[in-house]
Each structure stands twice: as C-alpha cells, then as structure tokens.
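Below: the structure, in structure tokens.
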Amino acid sequence: MKFLCVECDRQMAFEDRQLPGDGTLAAAFRCPQCGRVVALLTNPMETQLVASLGVKIGGTTLPPQPLQTVRGMVATGRDDAFQEIGESREARGPIWSVEAEERLARVPGFVRGMVKRIYADYARQRSIAEITPAVMDTARGELGLEGM
Amino acid sequence: MPLNIRTYHDLTEPDRSGLPGQIGAQRRRVAERLATVARVVAVMSGKGGVGKSFVTAGVARALARAGRAVGVLDADLNGPTAPQLLHLHLASCTLHDGVIEPAVSAEGIRCFSMALLLEDGRPLAFHGPEAESFVWRGTLEAAALREFLADVAWGRLDVLLVDLPPGMQRFAELAELLAEPPPVVAVTIPPPESEEAVRRALRAARDRGAPCLGVIENMTGGPFSGDAGDALAREFGIPVLARVPFHPTDDVWDAIVPKVEGSR
C-alpha cells in the first residue's frame, strides 16, 4: 500500500497514525513536495486484516514480543498461559502510576504480561520515568496497539 | 484526459511503514529459529479423522526412542490434540529471554500447540469484528503458525514434525514460510474415500515441489476395507512407510524412523 501525490508525482510519506478505539484506524500521509496530506481510513474489518498480518502501518520502533499476534488477538486464552522467568527488566524502571496499574489490571491475563512489557519498552526507549494513562494512550497510537 | 499515474512498483522511495520489510523480517525470524532444526517434516492428509495427530505422536515417540531430538508443532489450531497425545501436562508456557519455551514430554519431545494456550474446553476465538471474519481469520491463523515456528525455542532438533489439520491450506502456509517446501508424510486409512482425498492432497504437495517421504496407512486390520495405502504408493511412486493397526506396538513406529529422519 503506497500513496502517490498525482499532481507532484511524488510518493507520499507516512505522517501519523490514530486508533480511535472503535476498531478503525486513521493513517495520514504527506506529500514531501507540496505538503498536501491525505488520510487513509480503514473500517474494523480492514484494520483487523492488516493487524492479522502482524505488520503496522507506519512501522514500529519496538522489537516484536514472542507470539505477539497470538497473544494480542486470541480471545479465549488462559489467564495463566504464560509465566515469565529470568532477569526482570522492571528493575531498571520505569515506574507505573496507580492509575496506569489499575488500567493494566483490566487487561486480560492472557496478554497482560506482554502489554506491560511493550509499554515499559516504549517508556524506556523515550526515557519516560513514569507510565501514566496518558503515556499509555500516546503509546497506543504511536505503536498501533489496537485493543491494548 | 486520463491521469498518468505511476504503478506500485514504480514507487521506490523509502517508506516509514516498510510493510514488505516487516514481512521480510518475519520470514527471517522463522529462518533464524529453524537454523538449528535439521529437518521439518509435514504430516498431512486431505482427510479428517484418519489419525494424523496419533501418527505424529507415534512417530515422534519412535524418533525419541532412537535417541533423536524431536519436536512436534501442532498446526491444527482449531482442534489441537498433540499435548494430550504426548501426555503433556498443560502448565503455563515459560517466557525466557524473549522466546517461549516449548512443553517437553517425559520422552523429551518438545511440543507447542494452541492447546497449551486456550482455556479448557473453549474454542479458538479471536478479538475482532465478527462481520466478514472469514476475510481475516485465515490470515490470523497463518500468523499464528508463523509465530509458533519463529518464537518457540525449538533448539537443536533432528526432526520437527508439523501436525497439519485436514485440507491443504495450512500446508501452503507452511511451505510459504520455509525456505523450501517441507517433505511430507501422508496419512490415510484403507477405504477408497480416504484414498481420493489424500490423492488430492498429495498432488497439491507435489505441485508445490514438496518431496513425499511416503504414505502411512492407519487403522488397518479393523472394520475398514480397502487398499488406499498401496494404491497411493503405486500412483505416486512412494513407499508405504507403515501399516498401523488399531493397537500398534513400538516396532511398528520404530520401523518408520529411518525413513523420516533422512540422511544424518
């Protein structure tokens, strides 16, 4: 999927991605020559199809988590399906605000560990000391974490 | 006046999304994970209910008895049975250093299956819009197969057996993910109805360039009449690897080992 500014005959560049939370996705692309911006809007089925490929429109800066697509998409997974062992990266921060912890607690156990790690990696990469609901909201959009 | 629009392949400027690059990275993860696996063998049949998973477990045990390092990837995501057939305890999967450890049977067989992840008795269901779910469900199942290959710490294996569901869709997905189509073992039962379904599957595998190691005729010596194993072997120029009765002894499975493991 690529976008072409027909007037300038230039390939448009990815600019921004937004996940309103209703299963749809908005991705904006800008012409590097004239600056015109167009938005790609996908319906829930189209959004799901892209997510099912395990790719992110706009790319991602974080390494994939093991079984990321399975853990993010399976609705009937066991809460205790996964157990993390070994050195915990949590010792190196960031900290979680009470509100962020409460929000995380509402994530199904099947995927909670992975979601926590993704947000922590996101915060570490950006030197964010404390994860708050606002940080989580920003990360969701930036990372394309629909449903997380 | 018609617009002069360049085509997709004409546009070669760097793109932050890099979707082909993301797909390429997924394939590399599979290749890197399987670099320590000497041989991937697909156990398939065009027919349901012929005992593919039973045969897979029997062959895996025989390989383990022969001292081979063997793994079983249960690619039947909607009807996973490998853990039960290998007598695995359904404990939590261990995440360690960014990979998932496979479950390991008492015989040392490494196994990964959707059954290890699902709630007891619940079907495999996905988050997502129910309307037109047929559009994305197959893609999601292919992604699950890819992640089972790439994200499970299979380690050094002589043989990784992939227990495929009925039909050929999952085989096509598997062949797409590997550097080359995997050798296949076809499983049939004696009746002609099974022969016809397995014939289609074998042709599909052959059309994709997959070598066929042979056919295993399962459930012999019982109520089923027919010679599907022999007929398929003759037609495709492949050996009958074994005729497996309803209550096979170890020697039935052990005879298959040299034919499945390939050159060592």
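The values are calculated or read from the model by the stated rules, or taken from the named source; none is laboratory data. Owing to the predicted nature of the structure, the values given are computational and were not obtained by experimental measurement. Note that we place each Cβ from the backbone using ideal geometry, even for glycine, and neighbour counts take in every protein chain shown.
Confirm whether A:Gly77 is on the phi < 0 side of the Ramachandran plot and in contact (Cβ under 8 Å) with a residue 24 or more places away in the chain.
yes
Conditions: (1) at pLDDT 90 or above; (2) more than 9 Å from every other protein chain (Cβ to nearest Cβ); (3) outside any loop (DSSP other than H, G, I, E, B). A:Gly35 meets all but one. Number of the miss?
(3)
Enumerate the pairs (first residue in region B:64-78 and within 16 Å of B:Phe54 (Cβ to Cβ) and modelled with pLDDT of 95 or more; second residue anywhere and among the basic types (Lys, Arg) and not in a strand (DSSP E or B)) with beta-carbon separation below 7 Å, excluding pairs fewer than 6 apart on the same chain, so at least 6 apart or on different chains.
B:Ala75/B:Arg170
Listed residues B:Ala175, B:Ala186, B:Ala144; which is modelled with pLDDT of 95 or more and more than 29 Å from B:Asp230 (Cβ to Cβ)?
B:Ala144
When region A:5-32 is examined, which residues are found to be assigned to a loop (DSSP other than H, G, I, E, B), away from chain B (no Cβ under 11 Å) and closer than 25 Å to B:Ala25 by Cβ?
Quick first cut of region A:5-32, residues assigned to a loop (DSSP other than H, G, I, E, B) only: A:6-9, A:12, A:19-24, A:31-32.
Checking the rest, the ones that are also away from chain B (no Cβ under 11 Å) come to A:8, A:19-21, A:31.
A:Leu19 - this is the single residue of region A:5-32 that is assigned to a loop (DSSP other than H, G, I, E, B), away from chain B (no Cβ under 11 Å) and closer than 25 Å to B:Ala25 by Cβ.
Scan region B:143-174 for residues that are touching a residue at least 60 places away in the same chain (Cβ under 8 Å), farther than 22 Å from B:Ala103 by Cβ and under 10 Å from the mean Cα position of the chain (by Cα) and jot them down.
Once the filter is applied, which keeps residues that are touching a residue at least 60 places away in the same chain (Cβ under 8 Å), farther than 22 Å from B:Ala103 by Cβ and under 10 Å from the mean Cα position of the chain (by Cα), region B:143-174 yields only B:Phe171.
Please pick out the residue among A:Val115, A:Val107 that is among the aliphatic types (A, V, I, L, M), touching a residue at least 40 places away in the same chain (Cβ under 8 Å) and more than 16 Å from A:Gly23 (Cα to Cα).
So the residue among A:Val115, A:Val107 that is among the aliphatic types (A, V, I, L, M), touching a residue at least 40 places away in the same chain (Cβ under 8 Å) and more than 16 Å from A:Gly23 (Cα to Cα) is A:Val107.
Regarding A:Arg30, is this residue of a type in the set (D, E, K, R) and touching a residue at least 24 places away in the same chain (Cβ under 8 Å)?
Criteria not met by A:Arg30.
Okay, residues lined up against (1) more than 14 Å from chain A (Cβ to nearest Cβ); (2) among the small types (Gly, Ala, Ser); (3) under 19 Å from A:Gln65 (Cα atoms):
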{"residue": "B:Ser113", "(1), (2), (3)": "no, yes, yes"}
{"residue": "B:Val135", "(1), (2), (3)": "no, no, no"}
{"residue": "B:Pro166", "(1), (2), (3)": "yes, no, no"}
{"residue": "B:Glu180", "(1), (2), (3)": "yes, no, no"}
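Of a type outside the set (S, T, N, Q) and part of a loop (DSSP other than H, G, I, E, B): is that true of B:Gly128 in this structure?
Against the criterion (of a type outside the set (S, T, N, Q) and part of a loop (DSSP other than H, G, I, E, B)), B:Gly128 qualifies.
From the list A:Val55, A:Val70, which residue is within 7 Å of chain B (Cβ to nearest Cβ), assigned to a loop (DSSP other than H, G, I, E, B) and without any contact (Cβ under 8 Å) to a residue 24 or more places away in the chain?
Within the list A:Val55, A:Val70, the selection yields A:Val55.
Would you check if B:Ala115 is among the hydrophobic types (A, V, I, L, M, F, W, C) and in contact with a Pro (Cβ under 6 Å, 6 or more places away or on another chain)?
Here the answer is yes, as B:Ala115 does meet what is asked.
With respect to B:Glu107, determine if the residue is farther than 22 Å from A:Arg78 by Cβ and either in contact with an Asp or Glu (Cβ under 7 Å, 6 or more places away or on another chain) or surrounded by fewer than 18 Cβ atoms within 10 Å (Cβ to Cβ) (or both).
When the stated conditions are applied, B:Glu107 passes them.
Please work out if B:Arg156 is under 16 Å from B:Val37 (Cα atoms) and either more than 8 Å from every other protein chain (Cβ to nearest Cβ) or crowded, with 24+ Cβ neighbours inside 10 Å (or both).
Yes; evaluated as a whole, the condition is true for this residue.
With the condition kept exactly as written, say whether any residue in region A:86-98 is surrounded by fewer than 17 Cβ atoms within 10 Å (Cβ to Cβ) and within 8 Å of chain B (Cβ to nearest Cβ).
For region A:86-98, residues surrounded by fewer than 17 Cβ atoms within 10 Å (Cβ to Cβ) and within 8 Å of chain B (Cβ to nearest Cβ): present.
Of the residues A:Leu67, A:Leu4, A:Leu25, only one is at positive phi, crowded, with 17+ Cβ neighbours inside 10 Å and of a type outside the set (Lys, Arg); which?
Working: A:Leu4 fails: at positive phi; A:Leu25 fails: at positive phi.
Sole residue among the options that is at positive phi, crowded, with 17+ Cβ neighbours inside 10 Å and of a type outside the set (Lys, Arg): A:Leu67.
Considering each of B:Gly222, B:Gly226, B:Gly214 in turn, give the residue that is assigned to a loop (DSSP other than H, G, I, E, B) and either modelled with pLDDT of 95 or more or loosely packed, with under 15 Cβ neighbours inside 10 Å (or both).
B:Gly222
So, B:Arg61, is that one in a helix (DSSP H, G or I), within 14 Å of chain A (Cβ to nearest Cβ) and charged (D, E, K, R) or not?
No, not satisfied.
Would you point out the residue of region B:8-27, among those that are in a helix (DSSP H, G or I) and at the interface with chain A (Cβ under 7 Å from one of its Cβ atoms), that is surrounded by the fewest Cβ atoms within 10 Å (Cβ to Cβ)?
Among those that are in a helix (DSSP H, G or I) and at the interface with chain A (Cβ under 7 Å from one of its Cβ atoms), it is B:Tyr8.
Is it fair to say B:Gly138 is more than 23 Å from the chain's Cα centre (by Cα) and closer than 16 Å to A:Gly54 by Cβ?
So B:Gly138 does not fit the description; no.
How many residues does region B:93-106 contain that are within 17 Å of B:Phe148 (Cβ to Cβ) and either facing another protein chain (nearest Cβ under 7 Å) or in a strand (DSSP E or B) (or both)?
Residues meeting the conditions: 9.
Determine which single condition B:Ile5 fails, assuming it passes every other condition in (1) within 17 Å of B:Leu149 (Cα to Cα); (2) within 14 Å of chain A (Cβ to nearest Cβ); (3) β-branched (Val, Ile, Thr).
(1)
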